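Notes for the one structure printed next.
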Number of protein chains: 2
Amino acid sequence: MELQNLITEQGVRCHFEKGAQVFKQGDDCEYIYFVEHGLLKAFYVTASGKETIKSFIKQHSIIGSLNAALRLAPCTFSLEALDSSVLIRFPFSQLLEESKRSMSISQEVVQILLGLALKKERREFELLTLSATERFNNLKRADPELVKKLTQNDIAKYLGITAVALSRIKHQG
Amino acid sequence: MELQNLITEQGVRCHFEKGAQVFKQGDDCEYIYFVEHGLLKAFYVTASGKETIKSFIKQHSIIGSLNAALRLAPCTFSLEALDSSVLIRFPFSQLLEESKRSMSISQEVVQILLGLALKKERREFELLTLSATERFNNLKRADPELVKKLTQNDIAKYLGITAVALSRIKHQG
DNA sequence: GAGCAGCATTAACCTATGTTAAAAACGCAT
DNA sequence: ATGCGTTTTTAACATAGGTTAATGCTGCTC
């Protein structure tokens, strides 16, 4: 857990109230954030103003816009606290530097990226092959606690449908 | 390019004719494959028999089922040659071992995983926020050559729609 | 160049989800 | 408990995409 120590010791702890934005789509933000506690949502807003949620971020996960962290482009999504949250911010470039110096950090980075890739693959699978109803049932099964905490609106935006459609799904025969 | 050498020298070269399956959904397959040349598709088949394409794999990319490679579960998708293809197969566990021994290999693995995560993120974004028409236009823009080579059916399965719907999209006003 | 196989298009109808708007339920502050 | 703002549900209608089946096109093979 060398990486954990590095981030906790050298990172900057930031507090965000419910509703506060950590970064916004279009920002330059070269940090990654470790969630000490709280709950957040990462979401896209399309040109027409429609919001869709990429993922919910819980305690002890790491989040950041890869595009922005790698300095390839501005953030592709926004990050907002759904509950009062404490994050530790750490420059991604520094993480990559450290990973070049320390074998064990490099290994931890590999593990984190593998975990990320697995999660993204599961999400891609669901979006590509399941109906909204099936995706909703999956989410309830995978994380019932989370479903209880969220508004219908945020659940719907995560599933890629509207709150109206979600309400129909929940009450259909 | 230490990793490249490792794979080319110690991996096993395999030839697949058009239509041949490299591995099938449900298989145990702990290898990753480097595509020396050719074109392949990675796809899911649902319980009801519907096929959806996860990605097309071109020359010089690396492909494998992460779930299977990490020995967490059987392959979640199948891999099939769309053209006669030459792949070099390499055990994923060995790659992780080597990456523990060599800093530069570990760094290359990080780079590959970062690239993979970026690609998955783009795909997730498209599936979540764009209509089938927009996804089709994106694909044409991003890789017109690929679009020319594929059948309408495979393009549709990649977009998450049917060939009938794709035909409508192409010919609509 | 006739016949066949595989792919692409078209048409008709069906279903899931979107949109808008109104009504109902809930949750908090006083 | 009352009232207000927010969230959820319901309803009515619109649209994208699915399903099935028929038709048309392309390129082989003989």
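The values are calculated or read from the model by the stated rules, or taken from the named source; none is laboratory data. Note that the coordinates shown come from a computational prediction; the quantities given were computed from them, not determined experimentally. FYI the Cβ positions are ideal-geometry reconstructions off the backbone, even for glycines, and counts take in every protein chain you see. Protein only, heavy atoms only, side chains kept; ligands, DNA and RNA dropped before computing areas. Shrake-Rupley method; radii C 1.70, N 1.55, O 1.52, S 1.80 Å.
Would you please name the trypsin sites (Lys or Arg not before Pro) within segment B:23-69 that are DSSP coil residues with at most 14 other C-beta atoms within 10 Å of their C-beta? Let's see the in-between values first.
Numbers: sites: B:Lys24, B:Lys41, B:Lys50, B:Lys54, B:Lys58; in loops: B:Lys24, B:Lys50.
For trypsin sites (Lys or Arg not before Pro) across segment B:23-69 that sit outside H, G, I, E and B with at most 14 neighbouring Cβ atoms in 10 Å, the list reads B:Lys24, B:Lys50.
³J(HN,Hα) across segment B:104-118 via Karplus (A = 6.51, B = -1.76, C = 1.60, θ = phi - 60°), whole Hz, x for Gly/Pro?
My calculation for segment B:104-118 gives 6, 5, 4, 4, 5, 4, 4, 4, 4, 5, 4, x, 4, 4, 4 Hz in order.
Using a Förster distance of 41 Å, how high is the FRET efficiency between A:Ser104 and B:Thr151, based on the Cβ-Cβ distance and rounded to 0.05? Could the numbers behind the result be given before it?
Numbers: r = 48 Å, r/R0 = 1.17.
According to the calculation, E is roughly 0.30.
Beyond 27 Å between alpha-carbons counts as too far, so tell me which of A:Lys120/B:Lys58; A:Lys100/B:Lys140; A:Lys100/B:Lys41; A:Lys50/A:Lys148; A:Lys170/B:Lys54 fall in that bin. Don't jump to the answer; show the numbers that get you there.
Numbers: A:Lys120/B:Lys58 21 Å; A:Lys100/B:Lys140 38 Å; A:Lys100/B:Lys41 34 Å; A:Lys50/A:Lys148 23 Å; A:Lys170/B:Lys54 29 Å.
Over 27 Å Cα-Cα: A:Lys100/B:Lys140; A:Lys100/B:Lys41; A:Lys170/B:Lys54.
Report relative contact order for segment B:29-122 in percent, whole number only (criteria: Cα-Cα under 8 Å, sequence separation at least 6).
Once divided by the residue count of segment B:29-122, the mean separation gives 33 percent.
If a/c stays under 1.5 just call it rounded; otherwise compare a/b with b/c (prolate if a/b is bigger, oblate if not). Do that for the protein assembly as shown, with a ≥ b ≥ c from the square roots of the Cα gyration tensor eigenvalues. All intermediate terms of the calculation are to be shown ahead of the outcome.
Values: a/c = 1.76, a/b = 1.07, b/c = 1.64.
Oblate.
If amide H atoms are built 1.01 Å from N in the plane of the peptide, which residues on other chains or at least 5 residues away come under 5 Å of the amide H of A:Ala20?
Placed amide hydrogens put A:Ala81 under 5 Å from A:Ala20.
Rank B:Val12, B:Val109 by accessible area, highest first, at a 1.4 Å probe radius?
On the way: B:Val12 70, B:Val109 10 Å².
My answer, sorted largest first, is B:Val12, B:Val109.
How high is the FRET efficiency from B:Lys24 to A:Ala163, r the C-beta distance, R0 41 Å, rounded to 0.05?
Calculated transfer efficiency: 0.55.
Enter the mean number of other protein chain beta carbons within 10 Å of the beta carbon of each residue in A:122-134, as an integer.
Numbers: counts 2, 6, 9, 6, 1, 7, 12, 11, 2, 0, 0, 0, 1.
Partner Cβ neighbours, averaged per residue: 4.
Assuming R0 = 25 Å, what is the FRET efficiency of B:Val86 and A:Gln111, from their Cβ-Cβ distance, to the nearest 0.05? Walk me through the numbers on the way to the answer.
On the way: r = 31 Å, r/R0 = 1.25.
So the FRET efficiency works out to roughly 0.20.
Would you mind calculating the gained length between B:Gln59 and B:Ala142 on full extension (0.36 nm times residue separation, minus the Cα-Cα distance), in nm to one decimal? List each step's numbers first, then the result.
Numbers: separation 83, 0.36 × 83 = 29.88 nm, distance 1.62 nm.
Between B:Gln59 and B:Ala142, full extension yields 28.3 nm more.
Mind running the shape call on chain B? Use the C-alpha gyration tensor, a ≥ b ≥ c as the square roots of the eigenvalues: rounded below 1.5 for a/c, prolate if a/b tops b/c, oblate otherwise. Present the calculation step by step, with values, prior to reporting the outcome.
Details: a/c = 1.94, a/b = 1.76, b/c = 1.10.
Verdict is prolate for chain B.
What's the average, rounded to a whole number, of partner chain beta-carbon atoms within 10 Å of each residue's beta-carbon in A:42-54?
Working: counts 0, 2, 4, 1, 5, 1, 1, 0, 1, 1, 6, 1, 5.
Mean partner shielding for this stretch: 2.
Specify the residue with the greatest mean-square fluctuation among B:Cys29, B:Cys14, B:Cys75, computed from a Gaussian network of chain B linking alpha-carbon atoms under 10 Å apart.
The residue with the greatest mean-square fluctuation here is B:Cys14.
Can you give the relative contact order of chain A as a percent, counting alpha carbon pairs under 8 Å and 6+ residues apart? List each step's numbers first, then the result.
Details: 268 pairs, mean separation 42.7, N = 173.
Relative CO of chain A lands at 25 percent.
Starting from the residue with the highest accessible area, list A:Ser55, B:Ser106, B:Ser48 in decreasing order, probe 1.4 Å. If you can, show how the numbers build up before the last one.
Details: A:Ser55 25, B:Ser106 0, B:Ser48 105 Å².
Sorted by accessible area, descending: B:Ser48, A:Ser55, B:Ser106.
Would you look at the GNM of chain B, springs on alpha carbons closer than 10 Å, and say which of B:Gly11, B:Gly115, B:Gly49 moves the most?
Largest GNM mean-square fluctuation: B:Gly49.
Label points 7 Å out from Cα along the Cβ direction at A:Leu72 and A:Ser131: separation in nm?
The answer from the label model is 3.6 nm.
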